[in-house]
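**Q** Dropping the structure in here first, questions after.
Values in this text are rule-based calculations from the coordinates and carry no lab data. The model shown is predicted, which means the values in this text are computed figures rather than measured ones. Glycine also receives a Cβ, built like all others from the backbone with ideal geometry; neighbour counts cover every protein chain displayed.
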């Protein structure tokens, strides 16, 4: 499945589970690890878990292979590796601590692009 379609599914799951401050970064050319980083946060451990489970459910329904899953809501961070897309679900505190958005500040944000494509 095309990356943009997978990003759409992830954004849909995040919206359904009321994830906070969704950022989708196009890191193509900035790293060999992935083409996109998705960063979202939840208000509590339960919220982080619900967002991560929602994303994983959407991925499973659409038969998208998960390369690996790291972390847990108890630790305030869940990583879902989909090869070309890496999803980071943080608690608000862990997101601020790790500052991935600042670390990858040169990466174009593509969330607005996805929203405009969905409204067409």
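**Q** Distance from the Cα centre of segment 4-33 to that of segment 46-114, in angstrom?
**A** 8 Å
**Q** If I take all pairs of Cα atoms in segment 3-111, what percentage of them are more than 16 Å from each other?
**A** Within segment 3-111, distances greater than 16 Å cover 52 percent of Cα pairs.
**Q** Residue 103 label point, 7 Å along Cα→Cβ, cut-off 19 Å on backbone N: hits in segment 47-75?
**A** 68-75
**Q** Next question, about the same structure. With runs of 4+ DSSP H residues as the only contributors, calculate the mean residue ellipticity of the chain at 222 nm using -39,500 (n - 2.57) per run, divided by the residue total and rounded to the nearest 500.
**A** Result for the chain, helices only: -12000 deg cm²/dmol.
**Q** As an exercise, use a Förster radius of 22 Å and the Cβ-Cβ distance of residue 30 and residue 53 to find the FRET efficiency, rounded to the nearest 0.05.
**A** For residue 30 and residue 53, the calculated efficiency is 0.15.
**Q** Here's another thing I want to ask about it. Between residue 18 and residue 68, what length comes free when the chain is fully extended (0.36 nm per residue of separation minus the Cα-Cα distance, one decimal in nm)?
**A** 15.6 nm
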